[in-house]
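Novice: After the structure tokens below, expect a handful of questions from me.
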Amino acid sequence: MRYRDDGHLEIDNNAAERALRAVAIGRKNYLFAGSDAGGERAAVIYSLLGSAKLNGIDPEAYLTSVLRRIADHPINRIRELLPWNLFPQARLP
């Protein structure tokens, strides 16, 4: 009923439910990570791809770019491969 009084509020919570869908689907997939280390690696990948999305970067383009560069990239400069460093022009305001 509050949405009637405040025009900024949505009439439903579909956006929140869509955002949480990946968590609900992933919950069953996480059971098959193989080990704790596999689960931690999966969490890192999900975090990086989620960060790319939040920064307005296409996750597939980001992952493609990282995979092309990572073999020859020095480990002490790995921060350069973070989404906001690879695509600084896509950073959201």
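The values are calculated or read from the model by the stated rules, or taken from the named source; none is laboratory data. Since we're looking at a predicted model, the values are computed, not measured. Every residue, glycine among them, receives a Cβ derived from its backbone with ideal geometry; neighbour counts consider all protein chains shown. The accessibility values were calculated without ligands, DNA or RNA, using every heavy atom of the protein model including side chains. Shrake-Rupley method; radii C 1.70, N 1.55, O 1.52, S 1.80 Å.
Novice: What tally of residues in segment 12-23 results from selecting those that are farther than 21 Å from ARG2 by Cβ and either in contact with a helix residue (DSSP H, G or I) (Cβ under 9 Å, 6 or more places away or on another chain) or polar (S, T, N, Q) (or both)?
Specialist: The number of residues fulfilling the criteria is 1.
Novice: Let me ask another. Does LEU81 meet the test of being under 29 Å from ARG21 (Cβ atoms) and open to solvent by 50 Å² or more (accessible area, probe 1.4 Å)?
Specialist: no
Novice: Has segment 7-14 got any residue that is modelled with pLDDT of 75 or more, surrounded by 10 or more Cβ atoms within 10 Å (Cβ to Cβ) and among the charged types (D, E, K, R)?
Specialist: no
Novice: Of the conditions (1) over 11 Å from the mean Cα position of the chain (by Cα); (2) assigned to a helix (DSSP H, G or I), PHE32 satisfies every one except a single condition; which number is it?
Specialist: The single condition PHE32 does not satisfy is (2).
Novice: Pick from segment 54-78 the residues that are within 12 Å of the chain's Cα centre (by Cα) and of a type in the set (D, E, K, R): which of them is surrounded by the most Cβ atoms within 10 Å (Cβ to Cβ)? Show your work before the answer.
Specialist: Here is the first cut: in segment 54-78, the residues within 12 Å of the chain's Cα centre (by Cα) are 54-60, 62-63.
This time we only want the ones that are of a type in the set (D, E, K, R), so: 58, 60.
Details: ASP58: 13, GLU60: 10.
Selected residue: ASP58.
Novice: Closer than 28 Å to PHE87 by Cβ and in a helix (DSSP H, G or I): is that true of ALA24 in this structure?
Specialist: The answer is no for ALA24.
Novice: Further question on the same structure: Those residues that are surrounded by 10 or more Cβ atoms within 10 Å (Cβ to Cβ), without any contact (Cβ under 8 Å) to a residue 12 or more places away in the chain and either of a type outside the set (A, V, I, L, M, F, W, C) or touching a helix residue (DSSP H, G or I) at 6+ places or on another chain (Cβ under 7 Å) (or both), I need them from segment 35-48; list them, please.
Specialist: Scanning segment 35-48 gives GLY38, GLY39, GLU40, ARG41, SER47.
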